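Asker: This is the structure, below, for whatever I ask next.
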């Protein structure tokens, strides 16, 4: 039949009518639906009557004349293939093939982003591995510009080019047999099937990077790994069979010697854009150091000095524990799947083993609520949707304790502070971008340039910031640092915890929006800032309460960096490239609460600072004016101005802050009056409104009224 | 040092006394201050008996060790010193000059002692009241403004000037018109006419109104400066000439009349020398538009500012007279104001040939 249709299709145009009828008949046979069969037939006959309109859609009037229902397409389209034909083309899509066409989903949109993603995936894995093994991580990130290295002269590659990315760690290493699968097979990993706070989740990242390298440069990924002293190191070169999603090992050498006792080194040759991508990488490395104060990071860039972020603490973060899912977050399908996999004999056993917070009493309560008839096994649940639904409803109606939150591993107040200090210490010397901003700020009012600041710091009469709590002096700059770790909370049955830290002052530009650093499970989020729930939460917080200016619907403006970290067993990202956190109200609320808490501390600091600035400014004003007054008084009285100046200075010192404050307060009203003095005759109107400058303010109105009535009397 | 006359010596002594008092309090470890009578509405009163706005005795202490006042304190002494220097060198200068004399940068900052003249002018007035010396005693004058002609001879700085032969521009009234500068000589004038606008004054001069009517015509080009006010006051008090004021029919015009008559709030301390309590308001009255058949299209609608201003004036004690209340009330009622030039609608010289003569003839004025 199919061949016949094909023949008809190949026929000349004049025979279209015939063809159409054939097609219509085929359709009739296939669908067997009375309504659809009627229409094509009529259409065909209509076309036969008027061959000129053949290729045109059948006029709407035709079905109306025939009394057919007006709904539905006026003419059915030409059938192009049969189900059988189509079936021939249908086959399994390998995930690797899927990836080659959809790299953007995993963060390989363009060469500059691919560079970052590659580094990120490797570093995330290293950190996860070290933490799981209980090793203090020491990680080296290296980017090499191949073109520049081979020429050894000239400039770095502009735009796209071939780069080698190396990430090396001192982690536990990987056993020989696993190496090919981990790096050469997508969706292979240890982290997907468990609920545990970790950086990686799907087991897709590093192998995707390897695939990207293979696609763009043809080079395999090189992995060197050693699991411990006395064990040999292995060097692999692994390619991915993209059709079968299987690793192909092209080199497997045992190295006689390797400089790491244990650890893994990953080398990838990729097409990247260093010129554009480096700022993201810089930022990623900086921020990773910030959120992982227990890790030492070495960062080697082409034609630049090696940069090291030393660890701020030698304490490993609390180990994140694996937990079972909480019953309240479970969806029906998942429930059925879990029931099918259950090894328990009864539902109670299944519930207790599969879920957290399921005490025997709670399980009994659920079963009672479900009111199953007869004996129900987990297997029955998996097969019978109605039963499963009953159970799910019962679970939903039962009050169950919130999931355990001890599984989370936040950075912690203290370590976040340490991380910020050490991070600021490194970027104060580095960060050419910040330098530029500093220059821009030179003209700005609030902010003095670094030079001026240093001069100030050196000058003996200007004291360092008072030993205020939370103020850290970093490379001559005073930063106010405040951190808040919220208690763990739950969204959709998933425990999570929010932390916020802020660094205010220093060399951050005062007239720009704050720097917002977003982290999820200690991984910096660098893209899609606008689409991220974290940004949303910060924007929706009213920072004006905390003495920062904030344009409507924007981040606040001020010399500040704000760090927001979400730790969770399952961070709800908006996409697989893990760039933005979804807008869950519970999460946004927690971020806001933490930000507000930090903000309150910040407001206290700003107030103190404003007061100190004001005092310093006051002293400055007096000193400045004393000079002038002494000169003038000296000339008027015919005395030497120097002794006069000394007398004034003596009083200036005597007029302590408190005293001056008192005077200032008492005279404040008069200052207003002095302003009014300036107003010329013409502005009498203004003077009328101006609160008068009278010490005897109280008496005046009555007096004036009296005078007026006198005037009236005359 | 040149020999100074008694008055200059006295002024210098006053400045020295001010400086000494500051030195004394500083040596005594006190916060030094300058006492300045307050020059604002709160500290003026309308003396109903003398019909003058007078300064009351309320004083403001300007401290040095007060962030809000330190700069003004410093400025006060810069100005004092500059005035002392002027007096000693027997020179007189403008207040703008003084501003430049005392302006310099403070230390190594970007701040100046004075940023603009608007800052130094009130300091000069402060000093005047603080040491009770007039501006001319400080050897200062404001920018002169105003013209005058009339059947009169004067001596200005030693030059004899016949105000009958001043051409079209008239004699420009200097800022200081005290007796030692301007002497009033022979005259055959019967009254003084103060005109708000220079353009209107030119019309009166061109039409030789002053010759025909035997009067002195003077303009201050808007709000009359001190020189004009003081001179009009002298013509009134020394020669006994009545003073008529012709201004626009709007709150601003009324206010010009009011300042000439009672003195101003800002210069209340000079009211005695400046004000002419018997000055007569000859026009434009709110009722003139009907009387002189002015078409309604020459009127200008009063804006909100005008109305609120007029309402304020209703409350001033010196406008409490029933006729004034009626006058301002009418303006408010109609919601319209008229310029003097509106009279030209009836003919270019209507104002000099018909309007004013009739007003005078009918004694149609307010006091």
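Asker: Going by how many other Cβ atoms sit within 10 Å of their own, how do A:544, B:363 line up, fewest first?
Answerer: Exposure proxy ranking, most exposed first: B:363, A:544.
Asker: Return the calculated 222 nm mean residue ellipticity for chain B, to the nearest 500 deg cm²/dmol, obtained by summing -39500 (n - 2.57) across DSSP H runs with n ≥ 4 and dividing by the residue count.
Answerer: -11500 deg cm²/dmol
Asker: Rank these for me by crowding, A:605, A:345, A:477, going from fewest to most other beta carbons within 10 Å. Provide the component values of the computation, followed by the final result.
Answerer: On the way: A:605 22, A:345 12, A:477 18.
Final ranking by Cβ density, sparse to dense: A:345, A:477, A:605.
Asker: State, to one decimal in nm, how far the label point of residue A:136 lies from the label point of residue A:246, with both points 7 Å from Cα in the Cβ direction.
Answerer: Placing both labels 7 Å along Cα→Cβ, they lie 4.5 nm apart.
Asker: Report the Cα centroid-to-centroid distance between region A:532-584 and region A:278-306 in angstrom, as an integer.
Answerer: The two parts, judged by their Cα centres, are 23 Å apart.
Asker: Follow-up question, since we're still on this one. Applying 1/(1 + (r/R0)^6) with R0 = 25 Å to the Cβ-Cβ distance of residue A:586 and residue A:331, what FRET efficiency is obtained, to the nearest 0.05?
Answerer: Computed FRET efficiency for residue A:586 and residue A:331: 0.90.
Asker: Kirkwood hydrodynamic radius, region A:96-309, all distinct C-alpha pairs: what's the number in Å? Don't jump to the answer; show the numbers that get you there.
Answerer: Working: mean 1/r = 0.0578 Å⁻¹.
Computed over region A:96-309, the radius equals 17.3 Å.
Asker: If you don't mind, there's one more thing I want to ask. Can you give the Kirkwood hydrodynamic radius for region A:250-303, in Å, rounded to one decimal and based on Cα pairs? Don't jump to the answer; show the numbers that get you there.
Answerer: Details: mean 1/r = 0.0696 Å⁻¹.
Hydrodynamic radius (Kirkwood, Cα only) of region A:250-303 equals 14.4 Å.
Asker: Okay, next question. Convex hull over the Cα atoms of region B:318-364, averaged projected area in nm²?
Answerer: Across all orientations, region B:318-364 yields a mean hull projection of 4.2 nm².
Asker: If I model a spin label at residue A:348 and residue A:372 as a point 7 Å from the Cα along the Cα→Cβ vector, what separation in nanometres do I get?
Answerer: So the two model labels end up 1.1 nm from each other.
Asker: State whether region B:107-165 is rounded, prolate or oblate according to the following rule on the C-alpha gyration tensor (a ≥ b ≥ c being the square roots of its eigenvalues): a/c under 1.5 gives rounded; otherwise a/b larger than b/c gives prolate, and the remaining case gives oblate.
Answerer: Prolate shape, in that a/c is at least 1.5 and a/b is the bigger ratio.
Asker: Sticking with this one: Work out, in µm²/s and without decimals, the Stokes-Einstein translational diffusion coefficient of chain B at 4 °C, 1.567 mPa s, Rh from Kirkwood over C-alpha pairs. Can you show the working numbers first?
Answerer: Numbers: Rh = 22.5 Å.
Reported coefficient: 58 µm²/s.
Asker: Now for a separate question. Suppose R0 equals 45 Å; then what is the FRET efficiency for residue A:110 and residue A:393 from their Cβ-Cβ distance, rounded to the nearest 0.05?
Answerer: That gives a FRET efficiency of 0.40.
Asker: Note down the nm distance, to one decimal, between modelled labels 7 Å out along Cα→Cβ at residue A:85 and at residue A:529.
Answerer: Placing both labels 7 Å beyond Cα along the Cβ direction yields 5.3 nm.
Asker: Next question. For chain B, modelled as a GNM with alpha-carbon contacts under 10 angstrom, which of B:188, B:108, B:354 fluctuates the most?
Answerer: B:108
Asker: How many angstrom lie between the C-alpha centres of region B:327-346 and region A:118-150?
Answerer: About 87 Å separates the Cα centre of region B:327-346 from the one of region A:118-150.
Asker: OK, next. Among B:300, B:176, B:265, whose mean-square fluctuation peaks in a Gaussian network model of chain B (Cα, cutoff 10 Å)?
Answerer: Fluctuation is largest for B:300.
Asker: With r as the distance between the Cβ atoms of residue A:95 and residue A:153 and R0 = 51 Å, compute the FRET efficiency 1/(1 + (r/R0)^6) and round to 0.05.
Answerer: 0.75
Asker: Springs between alpha-carbon pairs under 10 angstrom, Gaussian network model over chain B: which of B:20, B:137, B:125 fluctuates most?
Answerer: Most flexible of the set in this elastic network: B:20.
Asker: Expressed as a whole number of Å, what is the distance separating the alpha-carbon centroids of region B:8-72 and region A:594-610?
Answerer: So the two Cα centres are separated by 44 Å.
Asker: While we're on this one: Under a no-solvent Debye model with one identical scatterer per Cα of region A:327-397, what's log10 I(q)/I(0) at q = 0.17, 0.23 Å⁻¹?
Answerer: Debye output, listed in q order: -0.49, -0.99.
Asker: Could you tell me the relative contact order of region B:249-367? Use alpha-carbon pairs under 8 Å, at least six residues apart, and round to a whole percent. Intermediate values should be presented prior to the final figure.
Answerer: Numbers: 108 pairs, mean separation 41.0, N = 119.
Relative CO of region B:249-367 lands at 34 percent.
Asker: Sorted from largest down, what three extents in whole angstroms do the Cα atoms of region B:147-361 have along their principal axes?
Answerer: Dimensions of region B:147-361 along the principal axes of its Cα atoms: 52, 41, 26 Å.
Each reported figure results from applying straightforward, stated rules to the coordinates on display, with no laboratory input. No experiment lies behind these values; they were computed from the predicted model shown. Cβ: placed from backbone, ideal geometry, glycine included. Neighbour counts: every protein chain shown.
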